[in-house]
Amino acid sequence: MRGALGRAPTRARLLPPDITDFTGRAAELAALTDPAALPPHAAALFAVTGAGGTGKTALAVRAARLVGPTFPDAHLYADLGGYTGAPVPVPDVLRRFLRALGADGPLPPDPDELVGMFRTALAGQRALVVLDDAADEAQVRPLLPTGPDALAIVTSRNWLGGLAGAVPLRLGPLPEAEAEAMLARMLGPRWTGQEDAGDLLALCGHLPLAVRIAAARLLSRPQMTVEDLCDQLRDEGRRLKRLTAGDITVHGVLTSSYEALEPGDQTVFRRLALLPGFDFCTEAAALTAGIVREEAQEALDRLADRSVVRAESPPGRYSLHSLARLFAADRLADEDSETVRAAGDRHVRWVLARLHAAAEVVNPCLVRLPREEPAAELGTPFDRESALAWLDAERHNLLALVRRHRRTGDPAVCWTVPDALRGYFFARRHLREWGRMAGIGLAAARYAGDLRAQAAMHLSLGMAECAAERVYEAEDHFHRTVEFGLASGWREGEAAGYRNLADVAMIHGDNASWEKYLSLWADLKETLGRCPLPAEDDRDDDTASAADRGTAPSADWASLSHREQTVARLVVQGLTNQQIAKRIRCSPETVKFHLRNIFRKLDIGSRVEIARFVLSPGGSM
């Protein structure tokens with residue numbers, strides 16, 4: 001050993017200082033420091049990966065400090081500069097390690113000789129090696145100890161899947177409780193426990209680096225409150241610039257990750273800013289980037305390996321951190337505006353087409369607004385199970401899409417989406433999201449002056465209120481549905497309003513109103529040609545009335561609804577109320593309601609007079 005190094009080895013101590021306010025990551029810290037996790041016959045190796053700013057270095061140093069006494073012979077640390085734009089050459093790191101281990105003579109220029117000297121120097125030593133910010137596996141392998149009494153912890157933004165035997169630990173944003181504990185610990189006496197830190201942590205995306213910067217800003221400005229800082233950070237256009245403390249910036253970390261990408265992957269990343277919501281599917285990324293699905297899948301896998309996006313469950317879905325999304329939007333501003341607009345429109349058309357296709361499968365009989373957008377490439381057809389699964393996966397993104405178009409974009413999206421989702425929301429009982437989305441749609445429809453859309457949104461809100469057992473609020477919305485359906489000529493929406501009002505009347509125990517609204521609904525359905533009456537199809541030819549042959553007076557006869565005309569024909573045939581009810585599939589009470597309408601409209605008072613009117617050649621009573 002003395003000959004290899006030139007003098008006796010020293011107990012190298014290269015670890016940087018520990019972070020005194022380190023908080024959280026209890027599970028990961030336990031995994032790194034558990035003696036039972038160390039293999040008995042080989043060096044232990046952990047690969048801590050994650051996006052920039054997730055606290056990989058802090059975790060590695062804290063763990064190294066905790067297990068340091070178990071490895072007393074050498075504590076080695078190197079910042080490999082993987083994302084500085086100029087990774088540190090491996091020979092330079094080896095020379096520094098060898099000097100720290102006691103080598104004082106000339107060191108060979110050959111990299112392989114340096115590796116051999118390093119491994120010889122650590123042979124039989126209880127050594128701890130921390131390799132921070134590695135660029136790739138090739139940079140790491142020559143720097144790993146090989147003895148059974150050694151531990152290596154490697155951090156990187158890249159997924160180091162090629163390191164044989166490495167135990168992977170993937171870091172993401174902090175959980176809510178850990179992020180709040182971290183903020184409180186860093187603020188020290190400034191933290192009273194009365195602050196509502198939820199908004200601040202959300203604006204920081206629960207990213208440890210951003211939380212640390214926010215705490216530093218509060219400490220440097222004693223007059224600033226948590227709410228004051230939140231007000232500054234709510235401006236999405238300036239949030240990244242304000243998350244700066246000295247030479248520590250979130251923007252700088254994101255820039256280094258972005259500049260390490262290939263040009264094609266940079267384009268895919270930028271276009272992700274066009275996708276609203278938390279997560280997204282491969283097809284959506286392909287549409288915005290203007291590439292085929294297979295190319296998008298490969299690009300997203302590379303971005304996930306570099307911790308730029310995060311692979312989610314089920315496979316084929318990914319997420320983009322909120323601060324990374326702001327950075328992508330900032331870089332997207334450098335592209336041609338028409339190209340970007342076309343990419344966004346292409347995605348919206350695809351989403352709406354998929355949405356309508358899924359909605360039709362989930363509930364094909366539901367009344368919806370007429371579609372006006374052109375058909376888009378749909379992809380794999382839905383069955384009911386896959387349609388529900390797609391809607392489950394996309395419902396939060398659809399709400400985000402509606403919110404985005406409320407601020408900028410096509411206001412029709414704000415009411416088209418909740419109108420299509422009505423059957424799904426009713427089935428899944430996502431009442432809060434239902435109400436929020438339909439409320440945004442109603443506001444947009446009012447602003448646009450679209451009466452038909454207002455009718456649809458009142459129908460959606462009424463159904464949501466009814467599902468929440470707020471019947472009186474629901475009744476008001478259904479009345480507005482009828483009102484705007486009539487005003488806009490949307491007869492299907494008007495009919496749906498009547499049908500729901502009949503349900504409300506039944507809940508109230510109001511039989512008269514129930515009969516009235518059900519009759520109005522049935523008449524409209526017949527007028528629209530959606531509910532053919534068996535009574536007309538089943539009657540015998542030799543019992544056809546004069547009205548069927550066109551001998552009834554057209555003006556008076558036309559004053560009756562189609563359902564009332566049918567009831568009058570059946571009265572001529574001598575059927576009782578119960579028999580008529582059975583023929584037209586309603587209750588006897590509804591038949592009575594129709595009879596009262598006939599008496600009123602024809603100014604007559606008995607069933608005999610109905611028969612006389614129908615059979616009279618002139619039609620005068």
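The values are calculated or read from the model by the stated rules, or taken from the named source; none is laboratory data. All values reported here derive from a predicted model rather than from experimental measurement. Note that each Cβ is placed from the backbone with ideal geometry, even for glycine, and that neighbours are counted across all protein chains shown. Surface areas here come from the heavy atoms of the whole protein model, side chains and all, with no ligands, DNA or RNA. Shrake-Rupley method; radii C 1.70, N 1.55, O 1.52, S 1.80 Å.
Key figures
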item	result
Among the residues listed as R607, R569, R612, R583, the single one being within 16 Å of S519 (Cβ to Cβ) and either touching a Leu at 6+ places or on another chain (Cβ under 8 Å) or open to solvent by 10 Å² or more (accessible area, probe 1.4 Å) (or both)	R583
Flag for D92 being modelled with pLDDT of 95 or more and loosely packed, with under 14 Cβ neighbours inside 10 Å	yes
One residue from L219, L240 being surrounded by fewer than 18 Cβ atoms within 10 Å (Cβ to Cβ), in contact (Cβ under 8 Å) with a residue 24 or more places away in the chain and on the phi < 0 side of the Ramachandran plot	L219
Single condition G82 does not satisfy, out of (1) touching a residue at least 40 places away in the same chain (Cβ under 8 Å); (2) in a helix (DSSP H, G or I); (3) crowded, with 21+ Cβ neighbours inside 10 Å	(2)
Breaking point among (1) in a helix (DSSP H, G or I); (2) surrounded by 19 or more Cβ atoms within 10 Å (Cβ to Cβ); (3) not β-branched (V, I, T), for G277	(1)
Residue match in the stretch 582-603 (condition: among the basic types (K, R), over 60 Å from the mean Cα position of the chain (by Cα) and at pLDDT 75 or above)	no
The stretch 25-66: number of residues that are under 30 Å from E259 (Cα atoms), assigned to a loop (DSSP other than H, G, I, E, B) and not aliphatic (A, V, I, L, M)	5
Test: residue in the stretch 63-78 that is out of contact with any Lys or Arg (no Cβ under 8 Å at 6 or more places or on another chain) and free of Cβ contacts under 8 Å to residues at least 24 places away in the same chain	yes
Residues located in the stretch 396-414, provided they are within 19 Å of L459 (Cβ to Cβ) and either of a type in the set (D, E, K, R) or more than 18 Å from the chain's Cα centre (by Cα) (or both)	P411, A412
V348 in contact with a strand residue (DSSP E or B) (Cβ under 8 Å, 6 or more places away or on another chain) and aliphatic (A, V, I, L, M)	no
Those residues of the stretch 250-266 which are polar (S, T, N, Q) and buried (at least 19 other Cβ atoms within 10 Å of the Cβ), in sequence order	S257
Selection count where residues are under 13 Å from G497 (Cα atoms) and crowded, with 20+ Cβ neighbours inside 10 Å, scope the stretch 511-522	7
Candidate set: the stretch 556-566, residues that are of a type outside the set (S, T, N, Q) and closer than 18 Å to K525 by Cβ; chosen: the one most open to solvent (accessible area, probe 1.4 Å)	H562
Tabulated pairs, the stretch 349-364, first under 18 Å from L274 (Cα atoms) and in a helix (DSSP H, G or I), second modelled with pLDDT under 95 and of a type in the set (D, E, K, R), C-beta under 7 angstrom, 6+ apart or interchain	R349/E373; W350/E377; L352/E373
Filtered residues of the stretch 296-352 (kept if in contact with an Asp or Glu (Cβ under 9 Å, 6 or more places away or on another chain) and among the aromatic types (F, W, Y))	Y318, W350
Verdict on R499 being part of a helix (DSSP H, G or I), open to solvent by 30 Å² or more (accessible area, probe 1.4 Å) and over 22 Å from E526 (Cβ atoms)	no
Yes/no for D510 being within 34 Å of the chain's Cα centre (by Cα) and among the charged types (D, E, K, R)	no
Residue list for the stretch 266-280, restricted to those being at pLDDT 95 or above and hydrophobic (A, V, I, L, M, F, W, C)	V268, F269, L272, A273, L274, L275, F280
